[in-house]
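Before any comments, here is the structure.
Read-outs throughout are calculated quantities, based only on the coordinates presented, and are distinct from any laboratory measurement. It should be emphasised that the depicted structure is a prediction, and the values quoted were computed from it without experimental measurement. So basically every Cβ, Gly included, is an ideal-geometry build from the backbone, and we count neighbours across all protein chains shown.
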């Protein structure tokens with residue numbers, strides 16, 4: 001961040017602060033108030049549905065951002081870890097008889113432990129080799145849910161659940177679900193932002209930049225890599241259990257390789273190694289998705305003959321993903337977060353032109 | 001025992017296809033340090049092109065056009081999308097080839113739709129009798145293609161000037177640039193060679209299963225083959241391809257099809273835990 005000339009940090013607390021100035025505190029307060037009041041201001045089911053999905057994916061993306069963006073361990077199996085959380089939560093509720101509020105953190109732990117298991121190769125492997133072992137993890141985990149004991153996990157049909165309850169509140173409408181998901185998303189964002197500026201977060205960045213150098217500086221490489229896997233998959237697990245509260249249904253094909261790749265694409269689009277970037281990336285991709293579904297496909301079917309239009313709309317998801325990621329990688333590899341920083345810099349320094 | 005031979009035989013054929021795909025991936029990785037996830041998609045485009053052009057303009061025209069098209073697509077991919085990424089972190093190249101693959105898959109779905117296209121019959125249909133087993137001619141031809149391709153590559157890398165330049169590029173980009181090798185040319189050439197390998201694999205895949213836009217997923221299954229053998233070893237690619245193909249069809253035959261899909265990845269995890277650079281991969285000593 002580039003500040004206008006003459007503004008310095010004079011105390012350590014100032015230097016490490018996330019929210020620096022009083023106007024920023026006020027903006028944060030207004031933002032949180034808006035988040036709380038949002039269902040009252042826009043009581044639109046469709047809008048709330050989109051926002052709920054965005055917040056669930058944001059939680060998962062924070063995990064992937066810590067694992068891949070900060071610690072540099074590429075994971076192409078993040079959707080599968082989300083699935084582990086979802087299945088763990090569902091099994092604990094259905095077969096363990098636990099309430100959702102106990103199985104939510106437990107499912108995060110379960111996903112984290114599975115993450116550690118598949119993170120074990122990271123001690124000896126790096127680069128493409130590690131990325132491909134995570135693809136292997138994706139295939140192995142999903143085929144486990146698909147084929148292991150269909151009488152328990154339900155095979156391809158999956159499991160369906162009842163709505164989550166808290167006392168007399170039933171989380172079955174989008175508004176109620178919003179008040180379930182929103183606080184957790186805010187808390188997880190708070191955690192993610194603070195993990196990366198702790199000692200552990202700095203160790204992650206050192207490992208990402210050069211793991212050998214980091215080890216020589218005294219960072220326990222294996223321990224920190226496994227911690228990165230645990231934290232990343234913990235976030236994924238929490239997101240997965242929220243997703244089953246949202247969908248009330250769990251199927252192996254909700255967590256496909258394509259979803260994992262989408263998540264990697266989201267952190268590229270948003271900006272790797274930036275918590276804000278993760279949020280921006282999810283919003284961008286979700287809006288793009290809704291635009292294709294709601295605007296582009298219907299208008300195509302008006303303009304073009306029916307057969308051509310259906311063919312194009314079938315392939316639109318693949319083409320859109322390919323194009324967006326290719327364009328971002330070539331034109332703005334540092335993602336939306338970087339653009340946002342530039343924009344802020346412009347405003348902050350105006351009318352001067354330094355700093356961007 | 002009969003079934004064992006039967007499954008092994010189909011495994012060998014599948015393994016040969018994997019081996020040819022893996023060769024293409026290894027050739028690109030050796031010189032550009034990019035793992036090409038889109039190799040299977042190149043092959044899918046080649047199959048579909050041949051299948052649609054051959055009935056109208058003859059088999060030879062179909063062959064020529066699809067060879068030219070695959071080589072051209074491979075060259076364009078390198079030139080337009082991967083060249084700007086030189087110097088970017090690993091994940092950029094990884095995601096780039098994955099998304100190029102999805103782009104090709106989506107494009108194929110847009111152009112050809114979801115139909116299954118019949119591949120022209122390039123091989124004679126009569127089978128070879130060996131004791132009491134029947135062997136299709138494709139299997140023999142696949143073996144010949146592998147043997148020929150392998151010996152051509154060995155000769156190419158050992159004896160020709162271009163091959164030596166490619167090996168030098170694989171070793172170190174900067175050093176070879178300062179020795180007078182045009183590294184960017186080497187990149188283009190390796191992608192074109194990989195595109196041609198994609199075409200060769202497409203011949204056998206086409207006669208095995210016809211043309212469909214989901215053929216590209218075969219490329220995904222060739223990934224364990226590449227890594228089991230070692231990312232930068234040509235011998236490893238061939239052997240890894242056969243290991244994965246035979247294992248897959250034995251497990252599919254004896255246990256279940258679903259397990260057959262996963263077994264290559266489980267084998268991959270085990271092999272990488274024991275030998276992190278694959279069976280034949282070059283072990284690099286890292287320095288800061």
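Could you work out the percent of alpha carbon pairs in chain B separated by over 26 Å, rounded to a whole number? Across chain B, Cα pairs with separations above 26 Å total 43 percent.
Only Cα pairs under 8 Å and 6+ residues apart enter the sum, and on that basis the relative contact order of chain A stands at 29 percent.
For the pair residue A:3 and residue A:202, the difference between a 0.36 nm per residue extended length and the Cα-Cα distance amounts to 69.4 nm. In this simple spin-label approximation, residue A:249 and residue B:88 carry label points 7 Å from Cα along the Cα→Cβ vector, and these lie 3.7 nm apart.
Using the Cβ-Cβ distance between residue B:151 and residue A:170 with R0 set to 56 Å, the FRET efficiency from 1/(1 + (r/R0)^6) comes to roughly 0.20. Under Stokes-Einstein, with the Kirkwood radius over Cα pairs as Rh, the value for segment A:235-356 at 20 °C and 1.002 mPa s is 127 µm²/s. With respect to chain B, whose longest principal axis is taken over its alpha-carbon atoms, helix B:2-32 is tilted by about 20°. Our note on the geometry: Cα centres of segment B:197-241 and segment B:119-190, 13 Å apart. Listing B:261, A:307 from fewest to most neighbouring C-beta atoms within 10 Å gives A:307, B:261.
For segment B:2-274, averaging the sequence separation of C-alpha pairs within contact (under 8 Å, six or more residues apart) and dividing by the residue count gives a relative contact order of 39 percent. For residue A:161 and residue A:193, a Förster radius of 45 Å and the Cβ-Cβ distance give a FRET efficiency of 0.90, rounded to the nearest 0.05.
Estimated translational diffusion coefficient (Stokes-Einstein, Kirkwood radius over Cα pairs, 4 °C, 1.567 mPa s) of segment B:170-265: 83 µm² per second.
Fully extending the segment from residue B:182 to residue B:72 would add 37.6 nm, taking 0.36 nm per residue of separation and subtracting the current Cα-Cα distance. Pairwise alpha-carbon distances in segment B:88-148 exceed 19 Å for 63% of all pairs.
Calculate, for residue A:124 and residue A:302, the FRET efficiency according to 1/(1 + (r/R0)^6) with r their C-beta to C-beta distance and R0 60 Å; round to the nearest 0.05. Computed FRET efficiency for residue A:124 and residue A:302: 0.60. Using only the C-alpha atoms, the convex hull of chain A corresponds to 183 Å³ per residue. A crude spin-label estimate for the pair residue A:212 and residue A:148, with each label 7 Å from Cα along the Cβ direction, gives 3.8 nm.
Summarised as an ellipsoid, segment A:209-250 has semi-axes of 35, 7, 5 Å, derived from the eigenvalues of the Cα gyration tensor scaled by 5 and square-rooted, with the largest first. In segment A:165-259, inverting the average of 1/r over every pair of distinct C-alpha atoms gives 15.9 Å as the Kirkwood radius.
With both labels modelled 7 Å from their Cα along Cα-to-Cβ, the residue B:175 to residue A:37 distance reads 6.7 nm.
Listed by Cβ neighbour count within 10 Å, with the fewest neighbours leading, A:266, B:128 appear as B:128, A:266. Here segment B:1-52 was treated as a single set of alpha-carbon atoms; its pair distances binned every 10 Å from 0 give 22, 35, 28, 13, 1 percent. A quarter of the convex hull surface defined by the alpha-carbon atoms of the protein assembly as shown gives 34.2 nm² as the mean projection. From its DSSP helices (H runs of at least four residues, each -39,500 (n - 2.57)), the protein assembly as shown gives a residue-normalised ellipticity at 222 nm of -24000 deg cm²/dmol.
Once the Cα-Cα distance is subtracted from the 0.36 nm per residue extended length, the residue B:254 to residue B:6 segment shows a gain of 88.1 nm. Residues A:299, A:160, B:10, arranged from fewest to most other Cβ atoms within 10 angstrom of their Cβ, appear as A:299, A:160, B:10.
Spherically averaged projected area of the convex hull of Cα atoms, segment A:45-161: 8.4 nm².
Taking a label point 7 Å from the Cα of residue B:60 along the Cα→Cβ vector, which residues of segment B:92-127 have an amide N closer than 13 Å to it? Those under the cut-off are none; the list is empty.
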